[in-house]
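Report on one structure; see the data block that follows.
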Amino acid sequence: MTSRREPRLADAAEIAAEQGLTPARISSLYTDRAENGFPEVAAMRGRARLWDHAEVTKWFANRPPARLRTHTPPARDPQELLNGAEASRFLGYKNPNQVTTFVRDHPGYFPDPDVVEEMGTAENPYRRQLWRVQTLLDWMATRPGRGRQTGVKRTASALPDVPVDGDPHELLGATQAAALLGFKSINSFSSSLSQGNLPLLETPDALTEKGGRRRWTRRRILEQAAQRRGKNRR
């Protein structure tokens, strides 16, 4: 007699990261499930809803094409630089802060800016982030959450080579952490982190001043890597 395999569960944050949405949007889709057929909650983790990951993935793959999926960006010079609001509109988002939200809340999901300009004054400095049109077009062609397309093969961006024997106190970002932990992509790292599978990294060692992106010390990442290898050997 074969035992029934337990489904993989995912919370709103993980689903949102995979589909290029926000957790609030996932909650909204669930609220409107009577009209749109969004899957029912499979379990609860405290007050957080958990869904069957396979069911949600299937729902997104089979839903009618959304406005964003059929959006055709306007013709522009591939080397033209766009700020966050301009990039959001170019990609077809109604929310002008969508790109900024991606960068802040979903490390590794959206490409880093091609240019960062130091603006303001010494008393009130700020940074302006700019993306090339070509960078945005490349992301549109490969972004997660677009559903399967016949004849289109997507490959995840290669993770960087990160030395294990570097400064143990150096602060590293999500892409570097994913590489040290042995993940194949930044998305799989973000998914595992959101599921609570990387407990030593749940609280970052620092946040960047601009954008609040998470950073961890190399030492803590390596400790998590050792713990992860130990579990895999059991």
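Every number here is computed from the coordinates shown, using simple stated rules; none is lab data. Being a predicted model, the structure only gives us computed values, none of them experimental. Counting neighbours? That spans all protein chains shown, and the Cβs are built from the backbone with ideal geometry, glycine included.
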field: Per-pair calculated FRET efficiency, R0 = 41 Å: residue 164 and residue 8 via Cβ, rounded to 0.05
entry: 0.85
- request: Quick one: what are the phi-derived ³J(HN,Hα) couplings along the range 82-99, Karplus 6.51/-1.76/1.60 with θ = phi - 60°, whole Hz, x for glycine and proline?
  value: 10, 7, x, 5, 5, 5, 4, 5, 4, 7, x, 7, 6, 7, x, 9, 4, 5
field: Full-stretch length increase - residue 140, residue 25 - with 0.36 nm per residue and alpha-carbon distance subtracted
entry: 39.4 nm
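Given R₀ = 22 Å, FRET efficiency for residue 128-residue 207 by Cβ-Cβ distance, to 0.05?
Once the sixth-power term is evaluated, E becomes 0.70.
Among 172-181, 110-119, how do they line up by average Cβ neighbours within 10 Å per residue, starting with the highest?
Values: 172-181: 21.7, 110-119: 14.7.
Highest mean packing first, the order is 172-181, 110-119.
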Rounded to whole Hz, the Karplus (6.51, -1.76, 1.60) HN-Hα couplings of the range 115-127, x for glycine and proline: 9, 10, 9, 7, 10, x, 10, 4, 7, 9, x, 7, 10
- prompt: What residues have an amide H closer than 5 Å to that of residue 8, excluding those fewer than 5 places away on the same chain, when H is modeled at 1.01 Å from N in the peptide plane?
  reply: 53, 54
